[in-house]
Amino acid sequence: MLKPSQTAYVPFVSVENMMRLVHHIGLEPMLKDLADEIEADFIRWPLFDKTPRVASHSDVGVIELMPTSDGETYGFKYVNGHPSNMKKGLQTVTAFGLLADVATGYPLMLTEMTILTALRTAATSAMAAKWLAPEGSKVMAMIGNGAQAEFQALAFKAICGIEEVRLYDIDPAATEKCARNLQGLGLTVVPCKTSQDAILGAQIITTCTADKQYATILTDNMVGSGVHINAVGGDCPGKTELHKDILLRSGIFVEYPPQTRIEGEIQQLDADYPVTELWQVITGQAEGRKDARQITLFDSVGFAVEDFSALRYVHSQLKQAGLFQDLDMIADPDDPRDLFGMVQRAKTA
């Protein structure tokens, strides 16, 4: 049997190679690069196909597909969210993604995206804060110290200049883990015993918890004026982190309103409650932070364009880094009309 031609092979980035790529580039440089790629794609936001992610909900979690295209390249991500997985020793979130050529429909790359999602989520958070946070912010509260926390802290250090991170989690072991991992990475790390302690002196408050429920991680009386809230954890119907009254006092910024109104903090508000799309702030079509006393809220649920940006960035690095495997993934008969013949000839090979 003839060997497949090169068109049969699709570059695959395994977990091992993704980790190698992170260290090849450097964690903070990669976070900066991803933020730049995401911002560049937000600038050309109108070019993209946009749809709320396709979600399959169950009593224990959600499985989602997140597709988009800029007309030349197509990308999608498969991702789940199962908060009870941690009790089984499993990840709450796992993901993989694919990039394809619109002109032929052929895949260009298949990759793990559990690590890449953590990187792109942190990069998006810090990119948004660059536009919305109080000028000169140096202290961030990190409430929820699970798998995403260290990435968030380092992205805000690399992109926004954060110098101190104050940690709190209802599980002290998670805070201990996060503090240990961040030691020696250029941040002052302050473990806290309550969420109230964590937000003391913080100009930026990041919430990133996993429980699939209407939760009140921040109550209205906890949040004073002149802060930026990066709300990451509320990302599906029935899952929020902030008291409704905080939203009513804030300037609210979102990725894609039709998705955020279903999944984000603003699911608590009327369907026509005014919000601002982040891409409009970046392109100068809408105002960001109005003054030093305003509360700004980035109601982050994660959108497919951010994954597309991350996929294209990784694909751009493959040739130089060489950190991939070729998968024999696309059937490649000598005659495109004779797929059956190719299968039959394999019987005698």
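Read-outs throughout are calculated quantities, based only on the coordinates presented, and are distinct from any laboratory measurement. Being a predicted model, the structure only gives us computed values, none of them experimental. As a convention, Cβ positions derive from the backbone with ideal geometry for all residues, glycine included, and neighbour counts pool all protein chains shown.
How far apart, in nm, are the 7 Å Cα→Cβ label points at D197 and E72?
5.2
Could you calculate the contour length gain from A286 to M86, that is, 0.36 nm times the residue separation minus the distance between their Cα atoms, to one decimal place in nm?
Working it through step by step, the gained length comes to 68.0 nm.
Under 5 Å between amide hydrogens, which residues at least 5 positions from T94 or on another chain qualify, with H placed 1.01 Å from N in the peptide plane?
Placed amide hydrogens put N80 under 5 Å from T94.
Only bridges whose two residues both fall in the chain count here: according to DSSP, what percent of them are antiparallel, nearest 5?
Here the share of antiparallel DSSP bridges comes out near 50 percent.
Filter K50/K88; K87/K239; K87/K138; K193/K290 down to the pairs with a C-alpha to C-alpha distance above 31 Å, please.
With Cα atoms farther than 31 Å apart: K50/K88; K87/K138; K193/K290.
Please list the non-local residues whose amide H lies under 5 Å from the amide H of M109, H modeled 1.01 Å from N, same-chain partners needing a gap of 5 or more.
Here the answer is L99, since their amide H atoms fall under 5 Å of that of M109.
List the residues of region 128-154 whose backbone N lies under 11 Å from a point placed 7 Å from the Cα of L27 along the Cα-to-Cβ direction.
Under 11 Å, as judged by backbone N against the label point of L27, lie 149-154 of region 128-154.
Can you sort M342, M142, M127 so the residue with the fewest Cβ neighbours within 10 Å comes first?
M342, M127, M142
Sort S300, S309, S14 so that the residue with the fewest other Cβ atoms within 10 Å of its own Cβ comes first and the one with the most comes last.
In order of increasing Cβ crowding within 10 Å: S14, S309, S300.
Bin width 10 Å, alpha-carbon pairs only: give the P(r) of region 132-302 as whole percents, running from 0 to the bin holding the largest distance.
Per 10 Å bin, starting at zero, the Cα-Cα P(r) for region 132-302 comes out as 11, 41, 37, 11, 0 percent.
What are the equivalent ellipsoid semi-axes of region 1-158, built from the alpha-carbon gyration tensor (square roots of five times its eigenvalues), in whole angstrom, biggest first?
28, 21, 18
Quick one: work out Rg over Rh on the C-alpha atoms of region 152-191, Rh as Kirkwood radius.
Result for region 152-191 is an Rg/Rh of 0.96.
When the Cα atoms of region 92-226 are enclosed in a convex hull and the volume is divided per residue, what value in Å³ results?
142
For region 161-262, treating each Cα as an identical point scatterer without solvent, what Debye log10 I(q)/I(0) comes out at q = 0.25 1/Å?
Each listed q corresponds, in turn, to -1.47.
Treat the count of other C-beta atoms within 10 Å as a stand-in for reagent exposure and order E241, E72, E39 from fewest to most.
So the ranking, lowest neighbour count to highest, is E72, E39, E241.
Multiplying the sequence separation of L327 and S58 by 0.36 nm and subtracting their Cα-Cα distance, what value in nm do you get?
Going from the current span to full extension adds 93.6 nm.
Taking a label point 7 Å from the Cα of T114 along the Cα→Cβ vector, which residues of region 1-42 have an amide N closer than 18 Å to it?
Under cut-off, by backbone N: 12-23.
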